[in-house]
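A short write-up of the structure that comes next.
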Amino acid sequence: MYNTADVIIVGSGVIGCAAAYYLAKKGVSVIVLDKDDSIGNGGSSRNGGGVRQSGRDPRELPLAMYGVEHMWPTLSEELGIDVEYHKKGNLRLGKTEKHKEILQGLTDRAVACGLDVRMIDGNEVREINPYLSEEVTCASWCATDGHANPLLTTLGYYKNARALGVRFITGEEVVELQKIKGKLKRVVTKKNVYEGEKVIVAAGYESRSIIQSVGIDVPMRAELIEALVTEAEPKMFEQMLGTADADFYGHQTDHGSFVFGGASGLESTAKDNGKMITASITAPCICRGIMKYIPKLADAKIVRTWAGYEDICIDGIPVISEVEEVPGLILACAFTGHGFGISPVVGKLLSQMATGEETMLDIKEFRYDRFHANI
Amino acid sequence: MTMENIYDRAITLGEYVPEPDDDRIICRCEEITKGEIRRAVHDGMYTITEIRRYLRTGMGLCQGQTCAKLVKSIVARELEVSPAVLEPATSRSPMRPIEMKIFAQEAKEVGDNV
Amino acid sequence: MSMKRYDLIIVGAGPSGLSAAIEAARRGLKVVVFDENEKPGGQLFKQIHKFFGSKEHKAKVRGFVIGQQLLQEAAELGVEVVLNATVVGMYMDKEIVVKMGEEVHHFKGDSILIATGAAENMVTFDGWTLPGVIGAGAAQTMMNLHGIKPGSKILMLGSGNVGLVVSYQLLQAGCEVVALVDAAPRVGGYGVHAAKVARCGVPFYLSHTIMKAEGTECVTGVTIAQVDSHFKFIPGTEKHFDVDTICLAVGLSPMSQLLKMAGCEMEDNPRRGGQVPICDEYGETSIKGLFVAGDVSGIEEASSAMIEGRIAGIAAAYYLGYIDKEELDAKYQENQAALAGLRQGMFAPENRGKLVEKTEEGIDVSMNLLEKGFIAEDEIERFPGVTHTKGIHPVIECSQNIPCNPCQDACPKHCIKIGSHITALPAVDENVECVGCGMCVASCSGQAIFLVQEDYEPGYGTVTLPYEFLPLPQKGDKGFGLDRSGKKVCEAEVVQVRTSPAFDHTNLLTIKVPSDMVMKARFYKAE
């Protein structure tokens, strides 16, 4: 088997799979390597499926808006698989004056960037979603936000990229990158050596140890957060939900089940057994959070909980960047828990970067060398 | 034989040939048929985890108790590997489905009711 | 978060969990056992038949009685057994969350034993999702725990011990078992279990399996057909039965999900029935202080599960410093020897799937037993338990080497000999006079011992057989003698019915049959 391609992608998450797909469409040969047995086994298969623009950092907003406008609406058709994209709005809910302040701040910043988002009161919230409790007194409402199925999106990109000839190899852990004559060329795994003209590292938090081998670092940390899914329930609402207090976020899927993420507050120091085990106290906490907002779900049965690592960047937005000092290296990591919604856009941008085309959006805000000391 | 044999997703499985019992339901909770599982393998879903995420097999109320072995044997046959090679899906809490309101109710003085 | 802590938390109040609890509590550990069911005992309380094995390990005691004994012993030692307590998950630092009532509780164990047992496998065929297709274990639960008949006319798929034992219990519950079917070419379970089903008239179809379950709303019939050596249906061999229930007894899978969740190293081991934790000889997994015992670590049966539980309970006591290494070693060796004893003979793990053609004594095994479920007339004479002494004497139709010896001690005159090797076939010492007390008949867990008197009165002899059906026939009743295949072979008159606490619910029915039928008639059916 050949171990050489135009582009080697490290990481088969939704970013890596999307990049592979858009590259393959351009006729570029691609090899995707993943240390896990299964495709997209990191955050791509563990997130809440939000396709949001509201609540984002203004630097990231153009990517989110481009995706909602130009990519998500046609993605199912493009991939020949229903990725369950629904553009039915996002409600970020608040209960207190403090929440209202937080939401107002987020809204003001988004409006300044040209996003159609506005503050609404409790009554209007319940007109949009009658299942929300009286405790909800305000919300930010972005009608063009939505959600999709991250599992099917990731596997849909994978399936199509594979069909276009991309070679995916799982169980292949990258241990180092090597420069040859001043240019990044080799990707060394525990078992093999691969060579490519460009190397895209999109391996979540693991990217950090991989790029260390060529003397590059991204200031990020890994945080284990959790989500859960209920049994299928009759159709209740279509919006994506979140809260100012970050108690929970989530939506009802096409299947009828509710997927909710949330936090106990102890995440930043969470430990695991190497298998992303959940903590005993988190799911109960998420349940309590949900029930305060959506009392009707009290009887819904939780079928499964899971945990996943977020690669949290020190400044809250990802690194999507060429690394000039390591020619050939392209980084796409540190997505900070909101990579899924912009994954089609990032995949396409990466395909442009790897082929030397001009990128369709300005990505200078995501450079790898943007981090500086305070003083 | 190990998982190694199915790591390279470029290996070809040959053409998908329909079988007479393709419409037989395998995962009862989510109503997934044998044919859908076989097709998913041909779409590149080589691990039980991928099959489950792609089709929802074993994601229903019985949590795969009934169909896990059945799905495994279908996938293994399609990939021409021994079922023992295929890692089963990860087990996650709760082991039995549990109402949100009960999960939310953590006993204050733990062990009181014991 | 503060939470209640135990020396040993056990998940599963079945044979292995309770046995472990007893051994650990006896050595001073604070032990709690959680079980999701409303009744403790795991599968034991469904087991109304007498167990095999040695006297020391509760042979000839009925499963549910063993369960009662274990529960009582555990209670006396101060073990908390919490029922209706569903373990939601096992987390880092040996913490478990348990659903009890309308709440969840957090507990930590300095050690944990997972003894969650197994779940039934399924097979698929057209119509397998119709109501009326059920697991054999489920049928057993319905009958023996809830007193509900699973159906009226039933087809059993699977000739392992579960399929055989449940078929017999279905007959006892008053169901009609129309056929016992297995795709394998030979009966998988103990021959004695097969024989007691066959002599009730249940036909065995080996090398057959289910083609389809029929019906629209629920099962109304089933079609089976013969399969070739590649398990492909042979056209033209289809057979139809009107049934309302199809029972599947096609193996068990360890319920090892909690262990996988906790991060134990696992392996897929078909010989152990599926996903099992990798563990050492004490049942300790890759996580220190986390133990397993019973079916969750590999499918076997209740007797070995109890011994594994004892070993794990003792090992937990050592792990937590309650006993020294010397005691651990001594107790381990003792239990290991017992376990080795159970794992020998024709059904030893290493013989699984193999055709053993000769007994340890060098006797050809009964092929008819393996293919039809009963020993043929021309095969029966070669076994050492079958003799033709004058007067009343036992005829022991025990033809396979299984680890079981209660009959040896049952005879007050010591006319039955097995010897020290527990799997040896029982032999009858013709020099010792049989007093016809019937203790051997009642003691045989396989119901394979009969008392035969060839010269009861001119032209007639008697056969005394074990009888566990209701209504119990009365002296003077007239009916038929059935042969080993369940076929009516002669008229028979009940001349004696004996029940005794010593027989433990195995009634002894003595029927008078023509002299030439004493070696043929093995069951009685009323007119």
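For this structure, a couple of remarks:
- A simple packing score, the average count of other Cβ atoms within 10 Å per residue, orders the peptides A:50-63, A:67-80, A:5-18, C:7-20 as C:7-20, A:5-18, A:50-63, A:67-80, with the highest score first.
- Cα→Cβ-extended label distance, 7 Å offset, between C:Arg186 and C:Thr216, nm: 4.6
- Amide H contacts for B:Ile26 (H built 1.01 Å from N in the peptide plane; partners 5 or more residues away or on another chain; cut-off under 5 Å): B:Ile32, B:Thr33, B:Lys34.
- For the peptide B:62-73, the mean number of other protein chain Cβ atoms found within 10 angstrom of a residue's Cβ is 4.
- Label-zone membership for region A:163-183, site A:Ser209, 7 angstrom Cα→C-beta point, backbone N under 17 Å: A:171-178
- Distances between placed amide hydrogens fall under 5 Å for B:Glu87 paired with B:Ile48, all partners being 5 or more residues away or on another chain.
- Relative contact order computed over chain C (Cα-Cα under 8 Å; 6+ residues apart), in percent: 14
- One chain, two ends: A:Ser133 and A:Glu77. Fully extended at 0.36 nm per residue, the span grows by 16.5 nm beyond their Cα-Cα distance.
- Reach of A:Lys348 by Cα under 12 Å, taken over aspartates and glutamates that are not fewer than 8 positions away in the same chain: A:Glu357, A:Glu358
- Listed by chain and number, the lysines whose C-alpha is less than 28 Å from the C-alpha of C:Lys331, apart from same-chain residues fewer than 8 away, are C:Lys30, C:Lys50, C:Lys55, C:Lys58, C:Lys60, C:Lys94, C:Lys108, C:Lys288.
- Of the trypsin sites (Lys or Arg not before Pro) in region A:205-240, the ones in a loop by DSSP (not H, G, I, E or B) with at most 11 other beta carbons within 10 Å are A:Lys235.
- Amide H contacts for A:Tyr85 (H built 1.01 Å from N in the peptide plane; partners 5 or more residues away or on another chain; cut-off under 5 Å): A:Asn149.
- When +1 charges are put on Lys and Arg Cβ atoms and -1 charges on Asp and Glu Cβ atoms, the dipole computed for region C:166-246 relative to its Cα centre reaches about 380 debye.
- The GluC sites (Glu not before Pro) of region A:175-267 meeting both criteria, a DSSP state outside H, G, I, E and B (loop) and at most 16 other C-beta atoms within 10 angstrom of the site's C-beta, are A:Glu238.
- If you take the Cα centroid of region A:207-281 and the Cα centroid of region B:14-80, the two points sit 27 Å apart.
- Per residue accessible area of chain C, 1.4 Å probe, in Å²: 39
- Long pairs among B:Lys72/C:Lys153; C:Lys239/C:Lys358; C:Lys239/C:Lys372, criterion Cα-Cα beyond 22 Å: B:Lys72/C:Lys153; C:Lys239/C:Lys358
- Hits among lysines - C-alpha to C-alpha of A:Lys190 under 27 Å, sequence gap 8 or more where chains match: A:Lys35, A:Lys159, A:Lys179, A:Lys181, A:Lys198, A:Lys271, A:Lys275, C:Lys260
- Karplus-derived 3J(HN,Hα) values for region C:471-482, using 6.51 cos²θ - 1.76 cosθ + 1.60 with θ = phi - 60°, are x, 6, x, 9, 4, x, 4, 10, x, 10, x, 9 Hz; glycine and proline are entered as x.
- Calculated FRET efficiency, A:Ala222 to C:Asp93, Cβ-Cβ distance, R0 = 25 Å: about 0.80 to the nearest 0.05.
- Each Cα pair under 8 Å and six or more residues apart adds its sequence gap; the mean of these over the residue count of region C:19-174 is a relative contact order of 18 percent.
- Contact surface C-B: accessible area buried, both sides summed, square angstrom, 1.4 angstrom probe: 3200
- Charge tally in the Cβ shell below 13 Å around A:Asp108, where Lys, Arg are +1 and Asp, Glu are -1, A:Asp108 excluded: +2
- Rounded if a/c under 1.5, otherwise prolate or oblate - the protein assembly as shown, Cα gyration tensor axes: prolate
- Hz values of 3J(HN,Hα) by residue in region C:8-22 - Karplus curve (6.51, -1.76, 1.60), Gly and Pro given as x: 9, 9, 10, 9, x, 9, x, x, 6, x, 5, 4, 5, 4, 5
- Counts of other chain beta carbons within 10 angstrom of each beta carbon in peptide A:337-349 average 0.
- Note on chain C: Kirkwood hydrodynamic radius from all Cα pairs is 24.3 Å, rounded to one decimal.
- Phi to ³J(HN,Hα) by Karplus 6.51 cos²θ - 1.76 cosθ + 1.60 over region B:21-30, Hz, x for Gly, Pro: 9, 4, 8, 6, 6, 10, 8, 6, 4, 9
- Within region A:52-94, backbone nitrogen closer than 11 Å to the virtual label 7 Å beyond the Cα of A:Lys25 toward Cβ: A:71-72, A:74-80
- Legend: P(r) of region C:421-494 from all alpha carbon pair distances, 10 Å bins from 0, whole percents, reading 14, 45, 32, 9, 0.
- In chain C, the sites counted are trypsin sites (Lys or Arg not before Pro) in DSSP loop states with at most 10 other Cβ atoms within 10 Å, and the longest stretch holding none of them, exclusive of the sites, is C:1-231.
- FRET efficiency, C:Arg498 to C:Lys288 (Cβ-Cβ, R0 60 Å, nearest 0.05): 0.60
- In Å², nearest 10: area of C:Cys437 left accessible to a 1.4 Å probe: 50
- Loop sites in region A:49-158: chymotrypsin sites (Phe, Trp or Tyr not before Pro), DSSP, at most 14 other Cβ within 10 Å: A:Tyr131
- Stretch gain in nm, segment C:Gln172-C:Glu350, where the contour uses 0.36 nm per residue and the Cα spacing is subtracted: 60.8 nm
- Accessible area of the protein assembly as shown belonging to carbon and sulfur atoms, whole % at 1.4 Å probe: 50
- Among the DSSP helices (H) of chain B, those spanning at least 15 angstrom by Cα along their long axis with an average Kyte-Doolittle hydropathy of 0.5 or more are B:68-79; this is a geometric and hydropathy rule only.
- Relative contact order for chain A, counting Cα pairs under 8 Å that sit 6 or more residues apart, in percent: 24
- Averaged over C:78-90, number of beta-carbon atoms from partner chains that fall within 10 Å: 4
- Label point distance in nm, C:Glu102-B:Asp22, each placed 7 Å from Cα along Cα→Cβ: 5.1
The values are calculated or read from the model by the stated rules, or taken from the named source; none is laboratory data. Just so it is clear, the model here is predicted, and its values are computed rather than measured. Every residue, glycine as well, gets a Cβ built from its backbone with ideal geometry; the counts of neighbours run over all protein chains shown. Keep in mind that these areas ignore ligands, DNA and RNA; they rest on the heavy atoms of the full protein, side chains included. Shrake-Rupley method; radii C 1.70, N 1.55, O 1.52, S 1.80 Å.
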